[in-house]
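Trainee: Below you will find the structure I want to go over with you.
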Amino acid sequence: MLSVSGLNTNYRSSRGENVRAVRDVSFEVEKGKFFTLLGPSGCGKTTTLRSIAGLERPASGEISVNGRVIFSSSRNISVALNKRNFGMVFQSYAIWPHMTVFQNAAFPLEVRGGVAKKLIRERVMRVLETMGLEKFAEREATQLSGGQQQRLALARAVVMEPELLLLDEPLSNLDAKLRDRMRFELKRLQRELGLTTIYVTHDQAEALALSHEVAVMNDGCIVQIGSPRTIYEQPANRFVAEFIGASNFLEGTVVGAGHAPALFRVRTPLGEMAVRSDRALSSRDPVTVSVRPENVEVLEATPEAGLNIFTGTVEAKVFQGDFVDFQIRAGGVNVMARTHPSLRTPVGGSVAMRLDPEKCIVLRAG
Ligand SMILES: Nc1ncnc2c1ncn2[C@@H]1O[C@H](COP(=O)(O)OP(=O)(O)O)[C@@H](O)[C@H]1O
Ligand SMILES: [Mg+2]
């Protein structure tokens, strides 16, 4: 298990100012899990990963792997990079051009020494096979395609059977199609080998597709940690809701108090609506209600009864093939709705919307 606690890592900018790149970051990753640091550029993902790897020296905090402390500011411990036994692949992975595929993958084992030639051969061939590269073992590494080179970089990182696999945007240099395929392969490989993996990306779709757990970062801090489903369906605040996919935000005021978790009544520009909240709300509290476009059901006829039904006018729509995005004007605001392409209401037409109360989430400020 990886445990990071109270991690702070600073840089000195070119103007001599202190940059607090990582602030009080804490998280735990169970053995064999795929954990992702997700956030916009500059939020401190790479710095967190480099601190774990031993490439940056944190100002404070403690990092341990399977009970072994590899960094502790209070106990003055900092295990050297090459003694940490982690596998790493960075965005600008480098394969060695004057070596064959086999030699590239075998290199970490040979450098470390103490492993018999025959055993090296066996282990390298097994890893190459997992990556679908065994037929290319004797080929010059530069003769591989981009995707194959990417898999070779991964092979080299996992051949040591590392306690931790650290990946920093390893797919970002690939074209879209190849990236999708590599995503599947990476997931399969990680699950198959049971590698504890820390993955860094700014791509929310990638994070949701690959991870057991995701930590969303903003401005050096972790904002929320949870399963892909939790951070998508129950974002902790507006930053997370906006960063992970599209959402409608409705400013409102609590009308009816209640006890959490429960449905509350909130007055919004659309009208009074029922919303879900895990925390207690008091009458007159200002709140933001978040609802995803796919949770806005668009109806051609207004139902006679039900919660959160509002009428509006189709302002715009965009045909996307397997779905249609509607923009609906109601109560002076625009609501985005993602619908089945069978809905044919033209622009200017009247529609009704039903917002599932369970999917109307009250957000904390900030
Ligand atoms: N070597 C460095 N010197 C000074 N500032 C740095 C250095 N590396 C990163 N930073 C700053 O630290 C912050 C976090 O950077 P980084 O961890 O690379 O973010 P991310 O990987 O999320 O894009 C940014 O403000 C960045 O400008
Ligand atoms: Mg980065």
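The values are calculated or read from the model by the stated rules, or taken from the named source; none is laboratory data. Because the structure is a prediction, the values reported are computed rather than measured. Ideal geometry is used to build each Cβ from the backbone, glycine not excepted, and the neighbour counts take in all protein chains shown. Just the protein is used for accessible areas: all its heavy atoms, side chains included, with ligands, DNA and RNA removed. Shrake-Rupley method; radii C 1.70, N 1.55, O 1.52, S 1.80 Å.
Trainee: If N237 meets every condition in (1) surrounded by 15 or more Cβ atoms within 10 Å (Cβ to Cβ); (2) within 16 Å of ligand 2 (Cβ to nearest atom); (3) more than 30 Å from E129 (Cα to Cα); (4) over 13 Å from the mean Cα position of the chain (by Cα) apart from one, which number is that one?
Mentor: (2)
Trainee: Please determine whether any residue of region 295-313 is of a type in the set (S, T, N, Q) and within 26 Å of N237 (Cα to Cα).
Mentor: If we filter region 295-313 for residues that are of a type in the set (S, T, N, Q), which is where we start, we get 295, 302, 308, 311, 313.
Now restrict to residues that are within 26 Å of N237 (Cα to Cα): 295, 308.
Yes: region 295-313 contains one or more residues that are of a type in the set (S, T, N, Q) and within 26 Å of N237 (Cα to Cα).
Trainee: May I ask you to list the residues in region 44-67 that are in a loop (DSSP other than H, G, I, E, B), more than 16 Å from ligand 2 (Cβ to nearest atom) and out of contact with any Phe, Trp or Tyr (no Cβ under 7 Å at 6 or more places or on another chain)?
Mentor: Start the filter on region 44-67 by keeping residues that are in a loop (DSSP other than H, G, I, E, B), which leaves 44, 54-59, 66-67.
Applying the additional criterion that residues be more than 16 Å from ligand 2 (Cβ to nearest atom) yields 54, 57-59, 66-67.
Listed by number, the residues that qualify are G54, R57, A59, N66, G67.
Trainee: Another question, if that's okay. Return the only residue of P303, P293, P261 being within 14 Å of R354 (Cα to Cα), modelled with pLDDT under 90 and not small (G, A, S).
Mentor: Numbers: P293 fails: modelled with pLDDT under 90; P261 fails: within 14 Å of R354 (Cα to Cα).
The unique qualifying residue is P303.
Trainee: So, in region 76-88, of the ones that are at pLDDT 95 or above and assigned to a loop (DSSP other than H, G, I, E, B), which residue ends up surrounded by the most Cβ atoms within 10 Å (Cβ to Cβ)?
Mentor: V79
Trainee: For the subset of region 89-110 comprising residues that are within 22 Å of H202 (Cβ to Cβ) and out of contact with any helix residue (DSSP H, G or I) (no Cβ under 6 Å at 6 or more places or on another chain), which member is modelled with the lowest pLDDT?
Mentor: So the first thing to find is which residues in region 89-110 are within 22 Å of H202 (Cβ to Cβ), and the list is 89-94.
After this cut, where a residue has to be out of contact with any helix residue (DSSP H, G or I) (no Cβ under 6 Å at 6 or more places or on another chain) as well, the list is 90-92, 94.
Details: F90: 83, Q91: 75, S92: 72, A94: 77.
Here the residue is S92.
Trainee: To continue, here is another question. Step by step: first the residues of region 144-161, then only those that are open to solvent by 10 Å² or more (accessible area, probe 1.4 Å), of a type outside the set (G, A, S) and over 13 Å from V101 (Cα atoms), then the one that is nearest to the chain's Cα centre (by Cα). Which residue is that?
Mentor: Of everything passing the filter in region 144-161, E161 is nearest to the chain's Cα centre (by Cα).
One line per residue, one yes/no per condition, for (1) in contact (Cβ under 8 Å) with a residue 40 or more places away in the chain; (2) in contact with a Cys (Cβ under 9 Å, 6 or more places away or on another chain); (3) of a type outside the set (S, T, N, Q); (4) assigned by TED's automatic domain parsing to the domain that holds L193:
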| residue | (1), (2), (3), (4) |
| --- | --- |
| L7 | yes, no, yes, yes |
| G16 | no, no, yes, yes |
| R20 | yes, no, yes, yes |
| D24 | yes, yes, yes, yes |
| F27 | yes, no, yes, yes |
| K31 | yes, no, yes, yes |
| P40 | yes, no, yes, yes |
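Trainee: Mind listing whichever residues of region 2-43 are outside any strand (DSSP E or B), modelled with pLDDT of 95 or more and away from ligand 2 (no atom under 16 Å from the Cβ)?
Mentor: Of the residues in region 2-43, the ones outside any strand (DSSP E or B) are 13-17, 30-33, 39-43.
Those still in the list that are modelled with pLDDT of 95 or more too: 30-33, 39-43.
E30, K31, G32, K33 - these are the residues of region 2-43 that are outside any strand (DSSP E or B), modelled with pLDDT of 95 or more and away from ligand 2 (no atom under 16 Å from the Cβ).
Trainee: Continuing with the same structure: State which residue is least open to solvent (accessible area, probe 1.4 Å) when the search covers only region 48-75 and only residues that are within 16 Å of ligand 1 (Cβ to nearest atom) and among the basic types (K, R).
Mentor: Restricting to residues being within 16 Å of ligand 1 (Cβ to nearest atom) and among the basic types (K, R), the top hit is R50.
Trainee: Now for a different question. Among the residues of region 224-235, count how many are touching a residue at least 60 places away in the same chain (Cβ under 8 Å) and either among the β-branched types (V, I, T) or over 23 Å from N334 (Cα atoms) (or both).
Mentor: Count: 1.
Trainee: Considering (1) open to solvent by 40 Å² or more (accessible area, probe 1.4 Å); (2) closer than 27 Å to G32 by Cβ, say which one P108 fails and leave the rest.
Mentor: Just one mismatch for P108, condition (1).
Trainee: Does any residue in region 45-56 that is closer than 15 Å to D24 by Cβ and assigned by TED's automatic domain parsing to the domain that holds Q224 come within less than 9 Å, Cβ to Cβ, of a residue that is open to solvent by 50 Å² or more (accessible area, probe 1.4 Å) and more than 9 Å from ligand 2 (Cβ to nearest atom) six or more places away or on a different chain, and which pairs are these?
Mentor: As it stands, the answer is T47/Y11; S51/R57, since those pairs meet every condition given.
Trainee: Are there any pairs, at least 6 apart or on different chains, whose C-beta atoms fall under 7 Å, with the first in region 114-127 and basic (K, R) and the second surrounded by 12 or more Cβ atoms within 10 Å (Cβ to Cβ), and if so, which?
Mentor: R123/L109; R123/V159
Trainee: Something else now. Do the conditions hold for V124, that is, is it within 16 Å of ligand 1 (Cβ to nearest atom), open to solvent by less than 50 Å² (accessible area, probe 1.4 Å), in the same structural domain as G54 (by TED's automatic domain parsing) and of a type in the set (A, V, I, L, M)?
Mentor: Numbers: within 16 Å of ligand 1 (Cβ to nearest atom): no; open to solvent by less than 50 Å² (accessible area, probe 1.4 Å): yes; in the same structural domain as G54 (by TED's automatic domain parsing): yes; of a type in the set (A, V, I, L, M): yes.
Here the answer is no, as V124 does not meet what is asked.
Trainee: Which count do you get for residues in region 276-296 that are farther than 15 Å from C360 by Cβ and either touching a Cys at 6+ places or on another chain (Cβ under 9 Å) or hydrophobic (A, V, I, L, M, F, W, C) (or both)?
Mentor: Looking only at that region, the number is 1.
Trainee: Give, as residue ranges, the strands (runs of 3 or more DSSP E) completely inside region 271-366 that count at least 1 residues that are surrounded by fewer than 18 Cβ atoms within 10 Å (Cβ to Cβ). Write out each step before concluding.
Mentor: On the way: elements: 271-277, 286-291, 296-299, 309-319, 324-330, 333-339, 350-355, 361-363.
Where strands (runs of 3 or more DSSP E) fall fully within region 271-366 and carry at least 1 residues being surrounded by fewer than 18 Cβ atoms within 10 Å (Cβ to Cβ), they are 271-277, 286-291, 296-299, 309-319, 324-330, 333-339, 350-355.
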